Amino acid sequence: MQKFSMPLFHYHYDRFDTPNDETDGFFSLNFYTNSQGDVDRFEVSMDEGQVIFTRKADASLATVETLQQYVGKYQAGSTIIEMAIKNENELFAILPGQPQLRLLPSKPRIFKTKDFADLLVEFVVEGNAITGFKQKDPSGEYLFKKVTSK
């Protein structure tokens, strides 16, 4: 993989340009944000085509050791959601009678889903222990307290 570094100059809104370099050429980068307002990808014209680079979460956020701390049952009112690891290193939210929802690591203790861009799950830490999670979506923020581990 070839790496190169060039300064970026702000052109307009979310667009940045590189200098027109004889060796490396000229590039325009357009940055895009997700529904939470975080930059999650950028697009650049290369070889007469558009290429999109997507931000990946740090791999350490999806290790079994990291995910294991989230495993357990959580409750808000009469609703109980189970967090479980499947396929060795994937965290799922399981609500009886509903399809299992795979949670994708985004930032430390924060997960998103592939199918619902505006849904976030943020685990709550008190001391050194996970005590619950907040489900954040357009309808509001809901706190689920951890009731069991594993």
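The values are calculated or read from the model by the stated rules, or taken from the named source; none is laboratory data. Source: prediction; values computed, not measured. Please note: Cβ atoms are built from the backbone with ideal geometry, for glycine as well, and neighbour counts cover all protein chains shown.
At a glance:
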{"read-out": "Test: residue 31 is surrounded by 12 or more Cβ atoms within 10 Å (Cβ to Cβ), outside the structural domain of residue 128 (by TED's automatic domain parsing) and touching a His at 6+ places or on another chain (Cβ under 7 Å)", "value": "no"}
{"read-out": "Selection within region 84-111 - surrounded by 18 or more Cβ atoms within 10 Å (Cβ to Cβ) and touching a residue at least 24 places away in the same chain (Cβ under 8 Å)", "value": "91, 93, 105, 106"}
{"read-out": "Test: residue in region 39-49 that is of a type in the set (Ser, Thr, Tyr) and assigned to a loop (DSSP other than H, G, I, E, B)", "value": "no"}
{"read-out": "Test: residue in region 69-77 that is out of contact with any Ser or Thr (no Cβ under 8 Å at 6 or more places or on another chain), in a strand (DSSP E or B), free of Cβ contacts under 8 Å to residues at least 24 places away in the same chain and over 25 Å from residue 5 (Cβ atoms)", "value": "no"}
{"read-out": "Lone unmet requirement of (1) modelled with pLDDT under 95; (2) not assigned by TED's automatic domain parsing to the domain that holds residue 17 for residue 91", "value": "(1)"}
